[in-house]
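Here the structure comes first, spelled out in C-alpha cells, and everything after it is commentary.
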There are 2 protein chains.
Amino acid sequence: MKLLKVDTLEEARKKLHSAVQWSLLDTEEITIQSSIDRVLAQDIYSPCMVPEFPRSTVDGYAVIAKDTMGASDSLPVFLDIVEEIEIGYPSTHVLKSGQCAYVPTGGMVPEGADAMVMVEYSELFDEVKVAIYSTVSSGSNIISIGEDRKEGQLMLKKGTLVRAQEVGTLASVGIETVKVYKMPTLTIISTGDELVGLKDQAKLGQIHDINTYAIESMATKQGFKVKQTYVLKDEEELLQKAVSQAMEDSDIVVVSGGSSQGKKDITAKVLNELSQPGVFTHGIALKPGKPTILGVDDKSKTILIGLPGHPAAALIVFQLIVVWLKETFEERPKNIQVLAKMETNVASAPGRLTCQLVKLIQSNGAYIARPILGKSGLMSTLTESDGYIFIDQNHEGLNVGEMVYVHLL
Amino acid sequence: MKLLKVDTLEEARKKLHSAVQWSLLDTEEITIQSSIDRVLAQDIYSPCMVPEFPRSTVDGYAVIAKDTMGASDSLPVFLDIVEEIEIGYPSTHVLKSGQCAYVPTGGMVPEGADAMVMVEYSELFDEVKVAIYSTVSSGSNIISIGEDRKEGQLMLKKGTLVRAQEVGTLASVGIETVKVYKMPTLTIISTGDELVGLKDQAKLGQIHDINTYAIESMATKQGFKVKQTYVLKDEEELLQKAVSQAMEDSDIVVVSGGSSQGKKDITAKVLNELSQPGVFTHGIALKPGKPTILGVDDKSKTILIGLPGHPAAALIVFQLIVVWLKETFEERPKNIQVLAKMETNVASAPGRLTCQLVKLIQSNGAYIARPILGKSGLMSTLTESDGYIFIDQNHEGLNVGEMVYVHLL
C-alpha cells in the first residue's frame, strides 16, 4: 500500500488557494433586484446625499426650535403659518422667527427651520396661525441632509453578501446595477460500480447515487452554477472522458467516490494526468474527509477535486474546501456561527482535525450542542444535524459544558 | 385625530392567523433537485431499508469475528478466501468458520460474516489463504441492513426545510419527487407622492422608491413568488385599482407607504372597502412598525397588509408578519438564533414591543450584540445590522451584559 503524506486542512487550503493563479471569479454587472444572495465585487460609494433635503419624520409644523422655548400644554406659543409643503415638492419659503410651515411625514423641511413639532402638540388657531404646545430642541423629528448617507461615503464594501436591506440601500441612492462575482461553474461526477440512477431499481449490492443530488443542491444554494452531473461506473476511461469534457466549460470539477484504495488511486491518477501542474494534495488529516484529492490545471484554468465517496463526508468536504475557496476569493466576512455548550464529552480523532456534527437544542436561554454520532457513511446523521464543530488534532477532545462555535449546515 | 386601538404583535398575529380561513399554502410535487430551500408538506417514510444489504466501510476481508480471536501482529490467524466480492454485485457464498471473503469499501458483506478486517491488517499467504493480524469484534467496519434507515421509519417530518442533506437522504431511498408547499404569490405596492422610480432623476423633495426593491428581494429570498410591483402616487383611485387587480392573482397584497396620518387612513379605507370581512388591525404596538394594517378578503382569499412607509420598518414588519405567517402555516421549526451579550444598555419604548437592530461582534469566544441606533427611516441602520432582538413592552429595557437571542436578518 502506497502511503502518501496527508495535509492538514489548513495546509490543503493554503496550497489550493495559492495554486489558483488565475482569477477564479469573474465579475458581472446585474440589476439590484437580482443581486440578492450575490457578493459585491466592488466598493460602493454613495453618489449623493441621503436624504438630499431635510425630511420630516412626522406630520406637523416646521419651526425654529428656539421659538418654541417655554411652550407647554398650558402655555402655547403662537406661530404664523407661511406655507403648507406638499410631499414630493420643494419648500419655497425661508422661515423667519415667528413663522412655521406645515410639513407631512417625508416632506421637505423649509430652509431656516431646524425642528418639527408633531401635529398632536398643535392646534390651529385660524387659517394662518397655529398654537404650539411643546418645546422642541434643534433637530427634533428631522432627518438632516446626508444623515443616512453622505455623498462619496463608502456605503457597501466589496465582499458584502447582498441582503434585502442592501438592495434597499442601493435603490435609495438611485443605483440600478451592481458589479458582483460571477457564479463559478461546476461539474459533479459521482463514480462507483455500485451506483444506479434515481429512476433505476437498485439490485442487491447496488445503491442509488446520492452525491450528484446532494452536492448539486448544496452548490446551487451556495452560489455555484452546476453545468453537468454524471454518474459513472468506476472505469478509468469513462472518468477520463468526463473530466476532460468538464474541464472545457467548468471552473471546478468534483469527482466523488472511488473510496476504496484501488479506485481512489484511479481518480488521483486521472486528475493528475489531465492537469498541469496537477494534483498536490493526496489526502487531508480530517475526519471525515481523509480521501480528498486536490489539483489544478493552469491551461484550462480548472480546479480539480476528488471528494470522499461517503455522502456525508463528501458534503462536508465540499463545504470546507470548495465553498471555503469561493468565499475566500470573494473576500466575504466570516459567516455568523452559533455559540453553544457541549452536552457531552467528545473525543477527537488522533492526529486529525475532527469535524463533529451536532444538533442544537435550546434550553434555559442557551444553546446545547448535542453530538450526532454515527458512522460517516450514514445520511441520517447529517439530516439530524444543524451544523458542525471543529475539534483540533492537538486537542484531547471537548468536555461537557465547554463553549463551542457551531457552523450551520 | 382618530385614535384607534393598536394590537400587540401577538394579538395581531393571532387575529391574522385565525382570519385566514382558507388554505394559504397549496402543495405541489417537485423533483428533489429543485426542492432545496422549500418546505416539505408531507411526512416522508423510508420505503426501504438503507442500506438494503450489509455494506463494508473498508477495503478488506469479511470474517466471522470470533475466528479472529487472539490474532495479533505477531500471531496471525489464517483464513481461507472463498470469494472476492465485486462492488455492485451480491455475494454468493455463505461464510463458514475458517473462511473469509475479500470485500471492497461499499461492497456487500456475505451472509455468515459479521465483521470486516481492514486490508492493512492482513497479508496474502497464497491465492486462497490470508493471514489476519488483528482481532475484530462483531459489527466492526460494517453498516448493517437498515442501520441508516429502517423501512417504514419516519425519515423527514412535514415542515422540514430542505437542505442538501435532505436531498441526499431522499435520493438514498430512491425518492424522485416530494410534496412541498407552493410559494405564496405576492403583489407589492409602494405609495407616496414623493416617490420616483429608479431610472428617474429625483427632483428636490422627491426620493427614489426603496420599498418595492427591498421587499421584493426579501420576499424572493423567503420563498414568495412576486407577481407584480407598483410605485404609485398617493391617490385613492390608483390604489383601489392596483389592489383590486392584485387580489385576483396574488395570495398576499402589501401596500407600503402612506405613513402620514391622512394617507394612512386612505390605505386602511381602500383595503377595508375592497375586502370582506375586511381590516381588523389598525396598528401594532411595535417599534418600528406602528402603522401596520391587517385585513383579509374571504371571497378572493387574499391577505391585505399595510406596511409602514419607512423602508427599515417595512422590512421588519414584512419579516415579523408576512414571513412569520408563511412559516407558521408551513409548521416549520423555529429558526436558529444567535445568543449574544448586550454591549450597552438599551431602553424599551414605553407600551410598545421594541425590535432593536444589532450588530454581532465576536470577542473573547462570545458574541457581543451592539445596538445600532438611529432614526427608523435610515437604511444605513439596517445594512449595518446582522439582526434584531425583541425588548418586551413590560420590560424597562436591557442591561449591558444581559444575554439576548438575535434573530438574523
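The values are calculated or read from the model by the stated rules, or taken from the named source; none is laboratory data. All values reported here derive from a predicted model rather than from experimental measurement. Positions of Cβ are generated from backbone atoms using ideal geometry, with glycine treated the same way; all protein chains shown enter the neighbour counts.
So here's what we get for this one:
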quantity	calculated
Residue ID - farthest from the other protein chains (Cβ to nearest Cβ), chosen from residues in the stretch A:337-353 that are aliphatic (A, V, I, L, M) and either out of contact with any strand residue (DSSP E or B) (no Cβ under 6 Å at 6 or more places or on another chain) or within 20 Å of residue B:408 (Cα to Cα) (or both)	A:340
Residue B:161 vs. criteria within 30 Å of residue A:221 (Cβ to Cβ), facing another protein chain (nearest Cβ under 10 Å), in contact (Cβ under 8 Å) with a residue 40 or more places away in the chain and surrounded by fewer than 23 Cβ atoms within 10 Å (Cβ to Cβ)	no
Candidate set: the stretch A:127-145, residues that are in a strand (DSSP E or B) and under 24 Å from residue A:51 (Cβ atoms); chosen: the one farthest from the other protein chains (Cβ to nearest Cβ)	A:142
Condition check for residue A:304: under 30 Å from residue A:191 (Cβ atoms), crowded, with 23+ Cβ neighbours inside 10 Å and away from chain B (no Cβ under 13 Å)	yes
Residue B:16 outside any loop (DSSP other than H, G, I, E, B), surrounded by 19 or more Cβ atoms within 10 Å (Cβ to Cβ) and in contact with a Gly (Cβ under 7 Å, 6 or more places away or on another chain)	no
Pick from the stretch B:39-48, criterion crowded, with 18+ Cβ neighbours inside 10 Å and within 11 Å of chain A (Cβ to nearest Cβ), ranking: farthest from the chain's Cα centre (by Cα)	B:46
Hey, residue B:248 over 26 Å from the mean Cα position of the chain (by Cα) and either within 11 Å of residue B:187 (Cβ to Cβ) or in a loop (DSSP other than H, G, I, E, B) (or both) or not	yes
Single residue of B:172, B:138 found to be more than 29 Å from the chain's Cα centre (by Cα) and touching a residue at least 40 places away in the same chain (Cβ under 8 Å)	B:138
Condition broken by residue B:25, with the remaining ones in (1) assigned to a loop (DSSP other than H, G, I, E, B); (2) in contact with a Phe, Trp or Tyr (Cβ under 8 Å, 6 or more places away or on another chain); (3) under 30 Å from residue B:392 (Cα atoms) satisfied	(3)
Residue B:274, sole failed condition from (1) modelled with pLDDT under 95; (2) farther than 24 Å from residue B:355 by Cα; (3) more than 14 Å from every other protein chain (Cβ to nearest Cβ)	(1)
Leading residue by the ranking (nearest to residue A:149 (Cα to Cα)) among those in the stretch B:339-371 that are of a type in the set (Lys, Arg) and in a strand (DSSP E or B)	B:359
Entirely in the stretch B:146-219, the strands (runs of 3 or more DSSP E) that have 1 or more residues that are farther than 30 Å from residue B:52 by Cα and not hydroxyl-bearing (Ser, Thr, Tyr)	B:185-191
Test: residue in the stretch B:207-221 that is of a type in the set (A, V, I, L, M, F, W, C), under 18 Å from residue B:24 (Cα atoms) and modelled with pLDDT of 95 or more	yes
Test: residue in the stretch A:390-398 that is in contact (Cβ under 8 Å) with a residue 60 or more places away in the chain, among the hydrophobic types (A, V, I, L, M, F, W, C), out of contact with any helix residue (DSSP H, G or I) (no Cβ under 7 Å at 6 or more places or on another chain) and within 29 Å of residue A:220 (Cβ to Cβ)	no
The stretch A:29-39 - residue that is outside any loop (DSSP other than H, G, I, E, B) and not small (Gly, Ala, Ser) and, of those, farthest from residue A:118 (Cα to Cα)	A:29
Top-ranked residue in the stretch A:66-86 [being of a type in the set (D, E, K, R) and within 14 Å of chain B (Cβ to nearest Cβ); ranked as surrounded by the fewest Cβ atoms within 10 Å (Cβ to Cβ)]	A:84
Every residue from the stretch B:372-393 that is of a type in the set (Phe, Trp, Tyr) and either assigned to a loop (DSSP other than H, G, I, E, B) or within 13 Å of chain A (Cβ to nearest Cβ) (or both)	B:388
Residue satisfying all of: in the stretch A:312-336; more than 14 Å from chain B (Cβ to nearest Cβ) and assigned to a helix (DSSP H, G or I); nearest to residue A:210 (Cα to Cα) among these	A:321
Condition met for residue B:290 (outside any strand (DSSP E or B) and free of Cβ contacts under 8 Å to residues at least 40 places away in the same chain)	no
Verdict on residue A:63 being within 14 Å of another protein chain (Cβ to nearest Cβ), out of contact with any Phe, Trp or Tyr (no Cβ under 6 Å at 6 or more places or on another chain) and not acidic (Asp, Glu)	no
Unmet criterion (only one of (1) in contact (Cβ under 8 Å) with a residue 40 or more places away in the chain; (2) assigned by TED's automatic domain parsing to the domain that holds residue A:22; (3) out of contact with any Phe, Trp or Tyr (no Cβ under 6 Å at 6 or more places or on another chain)) for residue A:189	(3)
Among the candidates A:278, A:295, A:257, residue that is over 23 Å from residue B:164 (Cα atoms), in the same structural domain as residue A:316 (by TED's automatic domain parsing), crowded, with 21+ Cβ neighbours inside 10 Å and in contact with a strand residue (DSSP E or B) (Cβ under 6 Å, 6 or more places away or on another chain)	A:295
Matching strands (runs of 3 or more DSSP E) fully within the stretch A:40-126 where at least 2 residues are modelled with pLDDT under 95	A:122-126
Residue that is β-branched (Val, Ile, Thr), surrounded by fewer than 24 Cβ atoms within 10 Å (Cβ to Cβ), more than 30 Å from residue B:107 (Cα to Cα) and more than 11 Å from chain B (Cβ to nearest Cβ), where the choices are A:177, A:185	A:185
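Yes/no matrix, rows are residues, columns are (1) at pLDDT below 95; (2) among the small types (Gly, Ala, Ser); (3) crowded, with 22+ Cβ neighbours inside 10 Å:
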site	(1), (2), (3)
B:310	yes, no, yes
B:318	no, no, yes
B:323	no, no, no
B:332	yes, no, no
B:342	no, no, no
B:348	yes, yes, no
B:365	yes, yes, no
B:369	no, yes, yes
B:396	yes, no, no
